[in-house]
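Asks: Below is one structure. I have some questions about it.
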Ligand code: SF4
């Protein structure tokens, strides 16, 4: 299982940044200003997809191949 930031839903770190504040080290700002996951384990401990109020952090179940198409 892993987590991914849906760029369409992410408001951008400058506008939001809640994931970085609530779970430092789990996500970071990309070059385009959106968040990206850098530490899956840490993010999972913080609550995974619940860390993002915009639901931009999505859980991907790789084993079952249910990863949504972006
Ligand atoms: S909390 Fe969600 S919307 Fe806000 S920066 Fe992080 S991923 Fe983007």
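Asks: Just checking, how many residues over region 1-27 are within 22 Å of residue 62 (Cα to Cα) and in contact with a helix residue (DSSP H, G or I) (Cβ under 9 Å, 6 or more places away or on another chain)?
Replies: From region 1-27, those within 22 Å of residue 62 (Cα to Cα) are 1-10, 26-27; that's our starting set.
Those left that are additionally in contact with a helix residue (DSSP H, G or I) (Cβ under 9 Å, 6 or more places away or on another chain): 1-3, 5, 10, 26-27.
Counting residues in region 1-27 that are within 22 Å of residue 62 (Cα to Cα) and in contact with a helix residue (DSSP H, G or I) (Cβ under 9 Å, 6 or more places away or on another chain) gives 7.
Asks: Can I ask one more? Where in the chain are there strands (runs of 3 or more DSSP E), lying wholly inside it, with at least 2 residues that are more than 9 Å from the ligand (Cβ to nearest atom) and at pLDDT 95 or above?
Replies: 2-5, 57-60
The values are calculated or read from the model by the stated rules, or taken from the named source; none is laboratory data. Just so it is clear, the structure is predicted and the values come from calculations on it, not from any experiment. Here the Cβ is made from the backbone with ideal geometry for all residues, glycine too, and neighbour counts use every protein chain on show.
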